[in-house]
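The values are calculated or read from the model by the stated rules, or taken from the named source; none is laboratory data. The structure presented is a predicted model; accordingly, all values stated were derived computationally and were not measured. Note that each Cβ is placed from the backbone with ideal geometry, even for glycine, and that neighbours are counted across all protein chains shown. Calculation scope for accessible area: heavy atoms of the full protein, side chains included, ligands and nucleic acids excluded. Shrake-Rupley method; radii C 1.70, N 1.55, O 1.52, S 1.80 Å.
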Amino acid sequence: MLTDTRQARGVRRGPMLILAALMVQGAAVIHLTAVPMHWEEYVPFGLFFVAAAVSQTAFAAAAVAAPSRRLLLLGAAGNLAIVWLYVVSRTIGVPVGPRPWAPEAVGLPDVVCTGLEVIASILLTVRALRPPRRRHPVTIAVATVPVAILVAALTTAGSGAAIEHMPYAFNPGPPTAGRPSTTVDLLTSPPGDQPVRSFTLTARVARIDGQAAWTYDGTVPGPELRVTQGDRLRVTLVNHLPVSTTIHWHGVPDLPNAEDGVAGITQQAVAPGHSMVYEFVAAEPGTYWYHSHQDTGTQLSRGLFGALVVEPRSGAPEARDYAVVLHSPLAGAGVAINGSAGDLRLPADPGDTVRLRLVNAVVPGMDGTPEAPVLLGTPYRVVALDGRDLHGPQELGPERLPMGMGQRVDLVFTMPAGHAVRLVDTEEHGATTAVSQAFAAGQHPRFGTVTIGAGTAPSERDPAGLPVFDLTAYGMPAPDPVAAGPFDLSAPVVLSEHPGFHDGTIQLVHTINGQAAPAVPAITVREGQLVHLHIVNETGEYHPMHLHGHTMSVLARAGRPLQGSPVHLDTVLVGPHETWDVAFLADNPGIWMLHCHVLLHASMGMMMTIDYAGVTTPYTMGSGSGNVPE
Ligand code: C2O
Ligand code: CU
């Protein structure tokens, strides 16, 4: 009798029901871990996630303790209602909240959670309508245990990703109560009577090589900005892109913090249809470049970069002066130069002095492999690195010049009589063998070249096999007050990686001092301090580490002090398992990024800030702020 009533009103448990309850419980756990993020976004959203987690937990318990047909059908309907809400919020958006009717981004937790809920609903419905068949316990175990383990693993992945979400609005420099502070907005160029050079850069979509490129003024690279030392640049960024954007002036010494162009730190990203004026004095001659610093990995890859050349006040000393930007082509693999994937021709006459200003804007692969261009056909001097002159540079035979992304090298040579000179690019490492073979076979399939002057260009059977330039033993020693110390502050910068959760997903997390951005503790400095950075690369990748707003003096590589000229960089290429010591004078107040210029690494966490005590920012980064610096 009793059994009959049970059969009529209740449901026998069986493994399918247990698994369904486990899935609902997994979804509840993920909902719970997502509460803080949604609470920050909009309190009612946070409350909704609490309610979802609580009711799913209650349901899972009841379904196991006292399953009935009604309960199971109710549970299936409830879970499907949550899924429906998800689909709406991810496609057309919900009418309430900070951004009504704006679809939310889909993350790993959403996918896992929705998947568990859909499958659970199906299982619950089946179980409500059909009693389980009797099966041998071993069969049950074989069928159930792997699924249970999978559900547990998915729950761990979904909730781990939800905990390590990109913050909704992270402020890298919040004010401290009771402490005097300056906002980054006030850190602009003081007025002056320098000659003003005005430019307008219109960020817009342009069709290039069959691709919808994102460009400055319709070209990739953007227009070369060439000014004279002491000029005041006034650059208007007009945004006609479908997304918000900024301009960062990479490497410009003493750039005021408010002009640094980092979305979420020094400014709000410029929205489509809006514009912004950047203004700064080009105090030091040299080779620099500019690029977007909003969603940088994407925007730079799509074409938003260009060269900035500051000529000395006395005029360019060489007869020919060319900026040569190495970059990824818009379509296909390889390296293009100034927009050309083939052989770029530059005029020069025999006897002319020629300066080539190389800029490496090539987006490298996961290993961050640097480019290594080499000049063939005449000896040359490396006169500047990252726009800063070297002391007493000697003539070199053909040597490959390793360039991490973001770095610049200035070469000077005298044009020989009777034949041309050619710049070919190789990679320092990795693709070397393939590159050598390709050259040996008479093809230049991957890399654009530059041929300077008339006549036949020199050929080299194996450019990728040529020796590699060493910046730690080149030129003549000279005093360097920054390198001499003593240092007021010494900070480690340990670069590492591990698979894990970051930014709401599972990735190869790239850390500095054990943390991934934005959780990496800032290095706090005071104006006037001499700061020493001890950079340790624990990975097998290359990390060109770029410091905004300052010039680093190289002290040592692998503990071995510099042998030749002082070397001043804004981007130091830290090779696999290398250690570098650098120092800088904290003479430019602000909140300044220090990050790997392999933008993939930066977006996976390898970025931090150097904060001047007392400087704050009103801007935030994260999913709710519209600012994504990397
Ligand atoms: Cu060239 Cu922070 O970048
Ligand atoms: Cu890196």
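General observations
- Solvent-free Debye scattering, log10 I(q)/I(0), computed from the Cα coordinates of the chain at q = 0.07, 0.10 Å⁻¹: -0.53, -0.92
- Share of carbon and sulfur in the accessible heavy-atom surface of the chain [1.4 Å probe, %]: 61
- Debye log10 I(q)/I(0) at q = 0.25 Å⁻¹ for region 550-617, Cα point scatterers: -1.19
- Kirkwood-based shape ratio for region 147-237, expressed as Rg/Rh from alpha carbons: 1.24
- From the C-alpha gyration tensor of region 1-141, square roots of 5λ in Å: 33, 14, 13
- A probe of 1.4 angstrom, applied to the heavy atoms of all protein chains, finds S181 with accessible area near 70 square angstrom.
- The relative contact order of the chain comes to 14 percent, based on Cα pairs under 8 Å that sit 6 or more residues apart.
- Tail beyond 18 Å, pair distance distribution of region 321-431 (Cα, percent): 49
- Accessible surface for region 112-153, divided over its residues, is 61 Å² per residue with a 1.4 Å probe.
- Note on R197 and L47: the model spin-label points, each 7 Å out from Cα along the C-beta direction, lie 5.8 nm apart.
- Positive end of the dipole of the chain (Cβ unit charges, origin at the Cα centre): among P576, Q515, L375, the Cα lying farthest that way belongs to Q515.
- Per-residue accessible area (protein heavy atoms, 1.4 Å probe) orders M604, M16 as M16, M604, starting from the largest.
- Note on H391 and R133: their simple-model spin labels are 8.7 nm apart, each label 7 Å out from Cα toward Cβ.
- Around the amide H of A457, modelled in the peptide plane, lie the amide H atoms of A420, all under 5 Å away and 5 or more residues distant in sequence or on another chain.
- Residue among L471, V35, P15 farthest towards the positive dipole end of the chain, charges placed on Cβ: P15
- DSSP bridge orientation in the chain - percent antiparallel, rounded to nearest 5: 70
- CD proxy at 222 nm, helix term only [per DSSP H run n ≥ 4: -39500 (n - 2.57); per residue of the chain; nearest 500]: -8000 deg cm²/dmol
- Spherically averaged projected area of region 192-286 from its Cα convex hull (nm²): 6.4
- Estimated at 0.36 nm per residue, the fully extended path between R12 and V96 surpasses their Cα-Cα distance by 26.0 nm.
- Extreme residue, positive dipole direction of the chain, given options G97, G564, H601 (C-beta unit charges): G97
- Based on Cα atoms of region 310-378, Rg over Rh with Rh as the Kirkwood radius reads 1.03.
- Helices in the chain that qualify as membrane-span-like (whole DSSP H runs, Cα extent of at least 27 Å along the helix axis, mean Kyte-Doolittle hydropathy of -1.0 or higher) are 14-33, 43-65, 69-91, 108-129, 137-163.
- Per residue value of the accessible surface for region 453-603 (all protein chains in place, 1.4 Å probe), Å²: 38
- A simple charge model with +1 on the Cβ of Lys and Arg, -1 on the Cβ of Asp and Glu and nothing else charged puts the dipole of the chain at about 3460 debye relative to its Cα centre.
- A quarter of the convex hull surface defined by the alpha-carbon atoms of region 7-78 gives 4.6 nm² as the mean projection.
- Accessible surface, per residue, of region 25-108 when the full set of protein chains is kept, probe 1.4 Å, Å²: 51
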